[in-house]
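Trainee: The structure that follows is given in the form of structure tokens.
Readers should treat all values here as calculations from the given coordinates under stated rules, not as data from a laboratory. Small disclaimer: the values here were computed from a predicted structure and weren't measured. Here Cβ is always computed from backbone atoms with ideal geometry, including for glycine, and neighbour counts include all displayed protein chains.
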């Protein structure tokens, strides 16, 4: 196995089980060893990777060819009545996979967490990255039969970045001169920048934030270019999508229909899978993989460590406004133990820095448990025998368990952590982004894109209230730096700030599990933190 930033995979692959902008919830799903596997009939077959996640998987149905047709029934926990199909307002974790069935962005992350073209044929900057030229793929049509054109890209960007009603991707489009966007021809867009923007493709690579929609788009009757088309939708209950017969990728998708059903509890979803009412239980509870060992009808798709579920400390609220307290809390965590106990071993060690697949990721930074130093720092800060409240909810596999593990580990330093679980709707209600000490979940994004989403004063999800002028200056400098090696040097400085003074405790990068019938094929492990092989709808099929 390749070592990623010293983040040792502790899954114990053959013996342990595996692992979910409205004003009330974030609009984005927020890995470091390869480890994607298919589990079926009693074992885990580890797919060891190199410097990026592997995409290997057990051959489908003994190597048989994909079969056309069928309705794939997918159950998932975590939806609510605030669910949406709006391409730029994802509200719940299940919405990400819905949105990725309906829409395509210009660029996206592949299963290896690399930025690749999707609707864009080419994205080319001028010499100093002050103007980008985007050439679209020809022959792409929307679900309503309308051709994809440059005007649709312009409409989409202006919708996201509207200063009167900015959507979640607005921060990533902040350097774009939206008024100056120009359709050069039917399939070519000139994108002028207010400042040099060398990281533009990375910044718009989140498929669930930047889906291209047609001019005049109405989210009540959603139209995209994705592999599936809207048929019906009841928030918090069910969505039904039909095959897009004019999808621009030849021969895809294979399925005739996808039905996504919301469940309120993991037990109900698992029972529905076992009884044949579901074909897939996505984002399953980690320990349930043990329940299907030896099964001839069920299997599990296990991702690489792509999701991260940090503890969040508000740097502007006591006691976390003292950097020594933040440093101490990071030293309280026995990271391998937390992974073993809360993720059933299915994760890799995190070192309080995000974007673990980024080519610029700081592989040299490591942090282990040090109770003596934690006690020293807390005493120095005047917070010996500190008591804090940790607010959390059941929004991702292992989160509640991790909270309890952290509370137990903190006792060694005289710290009392009172864990307060609340309903998901409460957690992401009016107090979201205001909890002094909490947890959250993210999917993988390249480093500068992640900073835009969560670490700037105007970021839509700045849950730690991070606001560091020197850090912002480095961020702007990195965005403007065309030379990749030089950009990595700047990012390295930012990561050192994250490591030494940041507001996140990132103890692990989590694997995820999708349980499914052995009839289901075509999904492959991914390292993006998005379930179902990075929402790989277009390649899925039923035997």
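Trainee: Taking only the alpha carbons of region 244-309, what extent do you get along each of the three principal axes, in Å, biggest first?
Mentor: Dimensions of region 244-309 along the principal axes of its Cα atoms: 40, 31, 27 Å.
Trainee: How would you order 148-161, 344-357 from highest to lowest mean count of nearby Cβ atoms within 10 Å?
Mentor: 344-357, 148-161
Trainee: Next question, about the same structure. In the chain, what % of DSSP beta bridges are antiparallel (nearest 5)?
Mentor: Among the beta bridges of the chain, antiparallel pairing accounts for roughly 75 percent.
Trainee: Roughly what would the spin-label model give for residue 500 and residue 144, points 7 Å off Cα along C-beta, in nm?
Mentor: Going from the residue 500 label point to the residue 144 one covers 5.4 nm.
Trainee: Need one number: nm distance between label points at residue 121 and residue 457, each 7 Å from Cα along Cα→Cβ, rounded to one decimal.
Mentor: Roughly 4.3 nm, to one decimal.
Trainee: Taking a spot 7 Å from the Cα of residue 337 along the direction of its beta carbon, which residues of region 370-384 have an amide N less than 19 Å from it?
Mentor: Counting only backbone N, you get 370-378.
Trainee: Using just the Cα positions, wrap region 418-520 in a convex hull and report its mean projected area in square nanometres, one decimal place.
Mentor: That works out to 10.1 nm².
Trainee: Could you work out the helix-only [θ] at 222 nm for the chain, with each DSSP H run of four or more residues adding -39,500 (n - 2.57) and the total divided by the number of residues, to the nearest 500 deg cm²/dmol?
Mentor: Rounded to the nearest 500, it is -6500 deg cm²/dmol.
Trainee: Could I ask something else about it? How far, in nm, would the chain grow between residue 384 and residue 543 when pulled straight, counting 0.36 nm per residue and subtracting the alpha carbon separation?
Mentor: 51.2 nm
Trainee: If we restrict to alpha carbons, what Rg and Dmax does region 131-247 come to, in Å?
Mentor: Cα radius of gyration and Dmax of region 131-247 are 15.0, 45 Å respectively.
Trainee: Continuing with the same structure: Can you tell me which of 184-191, 504-511 comes out highest on packing, and rank the rest after it, using the mean Cβ neighbours within 10 Å?
Mentor: By packing density, highest mean first, the sequence is 504-511, 184-191.
Trainee: Length gain on complete extension for the stretch residue 218 to residue 184, per 0.36 nm per residue less the alpha carbon to alpha carbon distance?
Mentor: Extra length from residue 218 to residue 184 when fully extended: 9.7 nm.
Trainee: Give me the Debye-computed log₁₀ of I(q)/I(0) at q = 0.12, 0.15 Å⁻¹ for region 311-510, equal point scatterers on Cα only, no solvent, two decimals.
Mentor: -0.58, -0.93
Trainee: Next up: Roughly speaking, what % of Cα-Cα pairs in the chain are separated by over 40 Å, rounded to a whole number?
Mentor: More than 40 Å apart: 19 percent of the Cα pairs in the chain.
Trainee: Output the antiparallel fraction of DSSP beta bridges having both residues in region 311-510, as a percent to the nearest 5.
Mentor: Bridges in region 311-510 that DSSP calls antiparallel: roughly 55 percent.
Trainee: Given R₀ = 41 Å, FRET efficiency for residue 419-residue 177 by Cβ-Cβ distance, to 0.05?
Mentor: Calculated value: 0.30.
Trainee: Distance in nm between label sites at residue 477 and residue 316, each 7 Å beyond Cα in the beta-carbon direction?
Mentor: 2.5
Trainee: Now for a different question. Considering only C-alpha atoms, what is the centroid distance from region 383-460 to region 470-543, in Å?
Mentor: That distance is 19 Å.
Trainee: Right, another one. Could you compute the FRET efficiency for residue 366 and residue 291, with r as their C-beta to C-beta distance and R0 at 51 Å, rounded to 0.05?
Mentor: Plugging the Cβ-Cβ distance into 1/(1 + (r/R0)^6) gives 0.90.
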